[in-house]
Amino acid sequence: MNYYESNDLKRFAEVGKFRKELMDMFFTYYNKVTGEDGALTKREKSLIGLAVAHAKQCPYCIDAYTTQCLETGASPDQMTEAIHVTAALEAGMTLVHGVQMLNNLEKEGA
């Protein structure tokens, strides 16, 4: 058995079992933000979703947004580039914290 089972994604709405009104509000918001064109197209939003899914390492979201990207017309090249943008940003975010280390090294006289 795997910790993440792809079929579990189908149960997502069940998270609202005990507070359905909260889950309904989430889905209303989520669908409004991701489910229609606005300043960004659904395709652009799908690519952002795929990138964030990789950054947050959510296998359910990776599966869902891979499918949504294809359904909205994103190409595998665009999808791959989106996750490389994520990887580059994460690397930069890690490295920029090296300034904290440099500040401490200088304070310690190293």
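A compact table of results
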| item | result |
| --- | --- |
| Sole exception among (1) of a type outside the set (S, T, N, Q); (2) surrounded by fewer than 15 Cβ atoms within 10 Å (Cβ to Cβ); (3) part of a loop (DSSP other than H, G, I, E, B) for Ala74, by number | (2) |
| Condition met for Phe12 (exposed (fewer than 15 other Cβ atoms within 10 Å of the Cβ), assigned to a helix (DSSP H, G or I) and of a type in the set (A, V, I, L, M, F, W, C)) | yes |
| Phe18, sole failed condition from (1) touching a helix residue (DSSP H, G or I) at 6+ places or on another chain (Cβ under 8 Å); (2) over 23 Å from Ala91 (Cβ atoms); (3) aromatic (Phe, Trp, Tyr); (4) modelled with pLDDT of 95 or more | (1) |
| Selection from segment 39-57 of residues that are free of Cβ contacts under 8 Å to residues at least 12 places away in the same chain and under 18 Å from His84 (Cβ atoms) | Glu44, Lys56, Gln57 |
| Every residue from segment 47-71 that is in contact with a Leu (Cβ under 9 Å, 6 or more places away or on another chain), of a type outside the set (Val, Ile, Thr) and buried (at least 17 other Cβ atoms within 10 Å of the Cβ) | Ala51, Cys61, Ala64, Tyr65, Gln68, Cys69 |
| Given (1) among the acidic types (Asp, Glu); (2) assigned to a helix (DSSP H, G or I); (3) without any contact (Cβ under 8 Å) to a residue 40 or more places away in the chain, number of the condition Glu36 does not satisfy | (2) |
| Glu90 being in contact with a Lys or Arg (Cβ under 8 Å, 6 or more places away or on another chain) and either charged (D, E, K, R) or not in a helix (DSSP H, G or I) (or both) | no |
| Verdict on Ala87 being surrounded by fewer than 15 Cβ atoms within 10 Å (Cβ to Cβ) and over 30 Å from Tyr3 (Cβ atoms) | no |
| Any hit, segment 41-55, residues being at pLDDT below 95 and either in a helix (DSSP H, G or I) or farther than 20 Å from Met93 by Cβ (or both) | no |
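The values are calculated or read from the model by the stated rules, or taken from the named source; none is laboratory data. Since this is a predicted model, take the numbers as computed values, not measurements. Reconstructed Cβ throughout: ideal geometry from the backbone, glycine too, with neighbour counts over all protein chains shown.
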